[in-house]
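As structure tokens, the structure follows; a few thoughts come after it.
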Amino acid sequence: MFSANPKTFPFADKELTLQILNLIELSKNHNQLKKGANETVKVINKGYAELAIIAADSDPIEIVLHLPLLCEDKNIPYIFINNKHTLGKACGISRSVIACCISTNLNSSLNEQIKNIKNKIEKFLN
């Protein structure tokens, strides 16, 4: 079983993790998903990211700890989930994914779901 690292805050509970993974699968179908740490950094720096999801079991964890700092600078909500393999499956690939983000699309039907998840993440931070 995975034990939470104190560096991985905010950490999603089981219910929120399932909602986030469902949103990732939907955003993949709407071409709003960017997979991997490098693509996530690019989208965050350009300002197109709506939400960043980071795997808390990345080894070593330091390879993803720059992402929360970028997100805080750009006011983008982020959250850690417990399993990189599950994140990879939700992204639609057979490999592990240590980070992904959902990008902005003004005409998307997912905007309401993204807003709900962002509000739940904000509650974790307060």
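Within the stretch 9-25, residues that are over 24 Å from residue 69 (Cβ atoms) sit with their Cβ atoms under 6 Å from residues that are crowded, with 17+ Cβ neighbours inside 10 Å, at 6+ positions apart or across chains, in these pairs: 21/90; 25/90. Residue 50 meets each of the listed conditions (1) without any contact (Cβ under 8 Å) to a residue 40 or more places away in the chain; (2) within 21 Å of residue 116 (Cα to Cα); (3) open to solvent by less than 80 Å² (accessible area, probe 1.4 Å); (4) of a type in the set (D, E, K, R) apart from (1).
Filter the stretch 76-126 for residues that are within 15 Å of residue 27 (Cβ to Cβ), open to solvent by 80 Å² or more (accessible area, probe 1.4 Å) and not in a helix (DSSP H, G or I) and give the result. 106, 107, 109 - these are the residues of the stretch 76-126 that are within 15 Å of residue 27 (Cβ to Cβ), open to solvent by 80 Å² or more (accessible area, probe 1.4 Å) and not in a helix (DSSP H, G or I).
The values are calculated or read from the model by the stated rules, or taken from the named source; none is laboratory data. Not measured: the values here are computed from a predicted model. Counting neighbours? That spans all protein chains shown, and the Cβs are built from the backbone with ideal geometry, glycine included. When the accessible area is computed, the model is the full protein with side chains, heavy atoms only, and any ligands, DNA or RNA have been set aside. Shrake-Rupley method; radii C 1.70, N 1.55, O 1.52, S 1.80 Å.
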